[in-house]
Amino acid sequence: MSEPTPLKAFVRDALVDLGAEISEAESLLWVRAPESVQRRLEVGAEFALAFDPSHVGEFGAELLAPGSYFLERLFACAMRRGRWDAVRVETIDPSWMAPALAASGLAVTAAPEVVEVTEDVVLVFAFRTTLASDEKREAFHEFAVSTADDSVWAVDGADAAAVVPALLPLPDVRPKLGPAYRRASQALTDRMRDEVERFRAKSLGLLEEEVRRIFGYFDRTISEIRDADADGSADLVRAVMAERDRRLAEALERFEPRATAVLCSIRAVLTPSVRMRVPLADGEAEVRLDAWSRQPRVTRAGSARLPERPPSDTPRPGTPAGAGGERAPRGPKARSRAASEGRRRP
């Protein structure tokens, strides 16, 4: 997989932060790990990671996807270290604004008027979400919050410009960190709302089926016991009913839907930005663009409409959960707990 997805970017940055040397091929991430990384992650001195199932096994590459053992270890190490870093956009052609605006999808009807060119700080929050019941789905999401205008948007790593470590001190963003985190959290909630509701409905439907099955099985069993020995079956019936109650409690634990979100990292990105007045087909709008994400943000002129470009990992309306809702690195990885436990039910 050639696109630098948010998961791949997180893994690469987390390994570098731990002290590993990274090189990238089109489909693999090559890692040279010092002894400290080998010990923390339980890996060899050199190894390859794949983000696409079609490349698993090439040069011994391990598939890295939400839920994988290696990624769980890396998440744990990164969170213990407190993932925070600051970067800046690499030097780019000063004429970046025109192609960025052209690629935005806005229906521009005439040349825009540049109001202000600045360097702004964008705060990027990375979250891992987990939906769990009889199956487990994990996904990775990134949201950017502008400290200039407080706008928030989902980040697709494939579209973001290359960055390098920020050697100079960044503007103090500490007062804005809390409000920015709350905006990113709300954006995550809004993105996940429909998927969580579908997952909850599916899990509760499976729970209802399991409860009916358990009651049906044990009601028949109790009826057969009483038919066979109406006078001496009380103790056996009580034992069967206790087993039924245990199975019901187990079913509730197994199918009860749970949703969690964990903040994995925060990144401050210093990026050239521009504020401009843009004539559009449906009226003039004030638009902000930054050289890092190149995501247009209409900050004024309510009649202007942004093009509908849902993130590639966001389920479109009417799409069933799990039916192409997420790409492999970001998307859910379902696993039946019952299947993995290998237990048979009555």
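Annotations for the structure displayed:
- Accessible area per residue for segment 84-211 is 50 Å², calculated with a 1.4 Å probe on protein heavy atoms, without ligands, DNA or RNA.
- Potential extension, V173-R226 segment - 0.36 nm per residue separation minus Cα distance: 11.8 nm
- When the alpha carbon gyration tensor of segment 1-155 is reduced to an equivalent ellipsoid, the three semi-axes, largest first, read 34, 18, 17 Å.
- Applying 0.36 nm per residue to the separation of R277 and A166 and subtracting their alpha-carbon distance, the gain on full extension is 36.9 nm.
- Restricting segment 138-214 to chymotrypsin sites (Phe, Trp or Tyr not before Pro) that sit in a DSSP loop and have at most 10 other Cβ atoms within 10 Å of their own Cβ leaves nothing.
- Label-to-label distance for E42 and Y217 is 3.3 nm, based on points extended 7 Å past Cα in the beta-carbon direction.
- Calculated FRET efficiency for the pair A103/Y181, C-beta based, R₀ 30 Å, to 0.05: 0.55
- Rounded to 0.05, the FRET efficiency of the I92 and L263 pair, given R0 = 22 Å and the Cβ-Cβ distance, is 0.15.
- Comparing Cα centroids, segment 240-265 and segment 14-55 end up 36 angstrom apart.
- Paramagnetic reach from E58 (point 7 Å along Cα→Cβ, amide N under 19 Å) across segment 19-33: 22-32
- Portion, in percent, of the accessible area of segment 136-216 that falls on carbon or sulfur, probe 1.4 Å: 57
The values are calculated or read from the model by the stated rules, or taken from the named source; none is laboratory data. The shown structure was predicted, so the numbers you read here are calculated from the model rather than taken from an experiment. All Cβ positions, even for glycine, are placed from backbone atoms using ideal geometry, and neighbour counts span all protein chains on display. Side chains included, ligands, DNA and RNA excluded: accessible areas come from the protein's heavy atoms. Shrake-Rupley method; radii C 1.70, N 1.55, O 1.52, S 1.80 Å.
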